[in-house]
Number of protein chains: 2
Amino acid sequence: MNQTIETILQHRSIRQFTTEPIEPQKLQLILSCANAASSSSFIQCTSIIRITNPETRAQIAQLAGGQAYVASAAEFLVFCADFFRHKQISPNAQLGFTEQTLIGAIDTGLMGQNALLAAESMGLGGVYIGGIRNNPSKLTELLSLPNHVVPLFGMCLGYPARQPEIKPRLPLSIVVHQEQYQQLDSEELKAYDQHVRAYYAARSSNNKQVSWSEQVSATLDKEARPFMQAYLKRQGFSTR
Amino acid sequence: MNQTIETILQHRSIRQFTTEPIEPQKLQLILSCANAASSSSFIQCTSIIRITNPETRAQIAQLAGGQAYVASAAEFLVFCADFFRHKQISPNAQLGFTEQTLIGAIDTGLMGQNALLAAESMGLGGVYIGGIRNNPSKLTELLSLPNHVVPLFGMCLGYPARQPEIKPRLPLSIVVHQEQYQQLDSEELKAYDQHVRAYYAARSSNNKQVSWSEQVSATLDKEARPFMQAYLKRQGFSTR
């Protein structure tokens with residue numbers, strides 16, 4: 001097993017960091033790695049906003065639902081889908097297609113993962129912050145995002161203060177299908193639910209008694225950021 | 001520079017493969033790496049469909065706009081956003097939120113990038129196939145995708161028959177913004193355009209005379225898969 005695969009398989013989200021800053025050359029490498037990801041039709045539709053201002057950080061931490069590590073992590077990056085770049089180059093660019101929202105989200109995801117893995121490979125850790133989508137209008141104002149730019153996720157990076165246990169993922173037998181889509185196997189799911197329950201009961205902090213299926217229900221049996229469709233349209237995404 | 005960062009920075013899309021198959025244990029590692037990516041709220045909403053049937057491969061190569069390597073690559077995977085999994089677990093799951101489309105696209109992107117990097121770290125190469133979105137209804141039928149599942153991208157993997165030059169990306173000075181969104185610097189863009197033009201003129205195959213800005217215009221001054229919004233809605237995504 002090589003270092004890349006080891007880094008990938010050792011992933012855990014880090015939410016507690018030491019106060020040590022990230023060396024500038026390491027940060028540069030992380031950003032260069034983000035930038036090396038594949039880009040659909042070479043369109044390059046991602047912008048990364050690096051936030052160092054403590055006041056802005058505190059406001060975003062608040063917006064994200066009180067995630068203190070957004071304020072305290074050594075680095076905090078906001079990853080955006082950005083077609084305003086192209087609108088400046090080509091005023092006739094036809095924007096607003098739902099397909100472009102997909103491209104923006106997928107390609108920005110690829111860049112985010114490159115950045116996180118580069119960081120993890122150098123002994124740093126990090127966590128994705130989907131909570132920045134809690135109040136995208138406010139964030140848009142705070143970061144002066146023009147039309148055709150939407151913030152998709154944040155990323156905290158820094159030196160880990162502790163290494164939590166690795167969270168057990170769904171088995172590949174459920175995630176990977178052969179030739180065609182296959183229905184969920186209830187026996188496999190049951191075994192995985194027990195596995196997750198045991199993980200939560202035994203882990204070194206924030207113990208709880210819950211299976212994966214119970215978590216899924218708790219998360220999905222309610223609305224998911226119901227303002228997102230209107231927000232995207234206001235920003236000029238998914239209007240057609 | 002460690003192996004992970006080297007792998008990331010050495011990325012180029014591979015579209016020509018040798019006939020050598022991928023060893024089963026390597027494929028297993030690639031899939032395990034995909035599965036190790038972060039998951040928003042631990043919702044795990046990605047399914048990967050592995051296609052080995054030559055007839056299906058040929059049909060998808062056709063759908064994707066005649067990309068022969070979809071048929072000939074050692075492995076071909078279709079990455080899908082999948083909330084049908086959750087609907088089976090929790091019939092009361094509230095689906096169709098645009099936010100869930102974002103989560104699906106971002107998280108599936110993270111998994112794809114883990115898979116590609118794992119492959120590249122072992123001497124394999126690959127390419128994302130966005131062209132599978134050319135005719136998503138047909139693909140949905142072909143792969144028996146139920147409602148709440150949409151195919152986002154394909155991935156060809158195999159041993160590279162040749163290593164093309166690395167494509168020059170936008171400079172970090174354009175991609176990375178400080179504190180707030182910054183307008184495009186036209187001087188930096190001009191320099192990058194010259195850089196891209198020189199790269200296309202000099203590369204070892206498929207030479208052309210075009211700048212990045214010219215490519216952007218050619219790509220965006222026309223419709224982008226205008227059927228995508230209706231397709232997503234039919235599959236139960238972005239209905240609200």
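The values are calculated or read from the model by the stated rules, or taken from the named source; none is laboratory data. Please read all numbers here as calculations on a predicted model, not as lab measurements. Ideal geometry is used to build each Cβ from the backbone, glycine not excepted, and the neighbour counts take in all protein chains shown. SASA here: full protein model, heavy atoms, side chains in, ligands and nucleic acids out. Shrake-Rupley method; radii C 1.70, N 1.55, O 1.52, S 1.80 Å.
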Could you list, in sequence order, the residues of the stretch A:32-67 that are in contact with a Lys or Arg (Cβ under 9 Å, 6 or more places away or on another chain) and more than 23 Å from B:Leu110 (Cα to Cα)?
A:Gln59, A:Leu63
Is there a residue being over 22 Å from B:Gln44 (Cβ atoms) and at pLDDT below 95 anywhere in the stretch A:193-204?
yes
A:Tyr192 versus (1) away from every other protein chain (no Cβ under 13 Å); (2) part of a helix (DSSP H, G or I): which is the lone unmet condition?
(1)
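Which residues, taken from the stretch B:30-46, are in a loop (DSSP other than H, G, I, E, B), touching a strand residue (DSSP E or B) at 6+ places or on another chain (Cβ under 6 Å) and closer than 22 Å to A:Gln3 by Cα?
Result: B:Ser38, single match.
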Single residue of B:Leu152, B:Leu157 found to be in contact with a Cys (Cβ under 7 Å, 6 or more places away or on another chain) and either under 29 Å from B:Phe84 (Cβ atoms) or of a type in the set (Gly, Ala, Ser) (or both)
B:Leu152
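Just give me the residues in the stretch B:76-94 being within 7 Å of chain A (Cβ to nearest Cβ) and in contact with a Ser or Thr (Cβ under 9 Å, 6 or more places away or on another chain), in sequence order.
Of everything in the stretch B:76-94, those that are within 7 Å of chain A (Cβ to nearest Cβ) and in contact with a Ser or Thr (Cβ under 9 Å, 6 or more places away or on another chain) turn out to be B:Arg85, B:His86, B:Gln88, B:Ile89, B:Ser90, B:Asn92, B:Ala93.
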Exactly one of these conditions fails for B:Thr19: (1) closer than 26 Å to B:Glu165 by Cβ; (2) in contact with a strand residue (DSSP E or B) (Cβ under 6 Å, 6 or more places away or on another chain); (3) β-branched (Val, Ile, Thr). Give me its number.
(2)
For A:Ser173, all conditions in the list (1) closer than 20 Å to B:Pro146 by Cβ; (2) surrounded by 14 or more Cβ atoms within 10 Å (Cβ to Cβ) hold save one; what is the number of the exception?
(2)
Top-ranked residue of the stretch A:7-29 - restricted to ones that are in a helix (DSSP H, G or I) and at the interface with another protein chain (Cβ under 9 Å from one of its Cβ atoms), ranked as nearest to the chain's Cα centre (by Cα)
A:Ile8
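Quick one: would you say B:Leu110 is within 30 Å of A:Phe227 (Cα to Cα), without any contact (Cβ under 8 Å) to a residue 40 or more places away in the chain and part of a helix (DSSP H, G or I)?
no
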The residue from A:Ala61, A:Ala36 that alone is more than 17 Å from the chain's Cα centre (by Cα) and not aromatic (Phe, Trp, Tyr) is A:Ala36
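Do you know which residues across the stretch A:213-237 are more than 7 Å from every other protein chain (Cβ to nearest Cβ) and polar (S, T, N, Q)? Spell out how you get there, then give the answer.
Restricting attention to the stretch A:213-237, the residues satisfying the condition of being more than 7 Å from every other protein chain (Cβ to nearest Cβ) are A:214, A:218, A:227, A:230-231, A:233-237.
Scanning the stretch A:213-237 gives a single hit, A:Gln235.
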Give B:Leu152, B:Leu157 a once-over and let me know the one that is closer than 30 Å to A:Thr4 by Cβ, more than 12 Å from chain A (Cβ to nearest Cβ) and touching a strand residue (DSSP E or B) at 6+ places or on another chain (Cβ under 6 Å).
B:Leu157
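Give B:Gln178, B:Gln163 a once-over and let me know the one that is over 30 Å from B:Thr239 (Cβ atoms), open to solvent by 50 Å² or more (accessible area, probe 1.4 Å) and at the interface with another protein chain (Cβ under 8 Å from one of its Cβ atoms). Lay out the reasoning, then the answer.
Working: B:Gln163 fails: at the interface with another protein chain (Cβ under 8 Å from one of its Cβ atoms).
From the options B:Gln178, B:Gln163, the qualifying one is B:Gln178.
Could you please let me know if A:Gln229 is part of a helix (DSSP H, G or I), of a type in the set (S, T, N, Q), free of Cβ contacts under 8 Å to residues at least 24 places away in the same chain and open to solvent by less than 40 Å² (accessible area, probe 1.4 Å)?
no
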Consider the stretch B:195-220. How many of its residues are assigned to a helix (DSSP H, G or I) and surrounded by 12 or more Cβ atoms within 10 Å (Cβ to Cβ)?
15
Evaluate the following for B:Gln235: is it in contact with a strand residue (DSSP E or B) (Cβ under 6 Å, 6 or more places away or on another chain) and open to solvent by 10 Å² or more (accessible area, probe 1.4 Å)?
yes
Apart from one, (1) over 18 Å from B:Leu31 (Cα atoms); (2) surrounded by fewer than 21 Cβ atoms within 10 Å (Cβ to Cβ); (3) not aliphatic (A, V, I, L, M) all hold for B:Gly123; the odd one out is (1)
Evaluation of A:Gln94 against (1) assigned to a loop (DSSP other than H, G, I, E, B); (2) farther than 24 Å from B:Ile132 by Cα (one fails), failing number
(2)
B:Ile49, sole failed condition from (1) outside any strand (DSSP E or B); (2) crowded, with 16+ Cβ neighbours inside 10 Å:
(1)
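Given the criteria outside any helix (DSSP H, G or I) and surrounded by fewer than 24 Cβ atoms within 10 Å (Cβ to Cβ), does B:Ser137 qualify?
No; evaluated as a whole, the condition is false for this residue.
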Hey, could you check the stretch B:30-45 for residues that are under 10 Å from B:Ile103 (Cβ atoms) and open to solvent by less than 10 Å² (accessible area, probe 1.4 Å) and say which is farthest from the other protein chains (Cβ to nearest Cβ)?
B:Cys45
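Yes or no, residue by residue, for (1) at pLDDT below 95; (2) outside the structural domain of B:Gln94 (by TED's automatic domain parsing); (3) farther than 25 Å from B:Leu9 by Cα; (4) of a type in the set (Ser, Thr, Tyr):
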position	(1), (2), (3), (4)
B:Gly126	no, no, no, no
B:Ile129	no, no, no, no
B:Arg133	no, no, yes, no
B:Pro136	no, no, yes, no
B:Leu139	no, no, yes, no
B:Pro146	no, no, yes, no
B:Leu157	no, no, no, no
B:Gln178	no, yes, no, no
B:Glu187	no, yes, yes, no
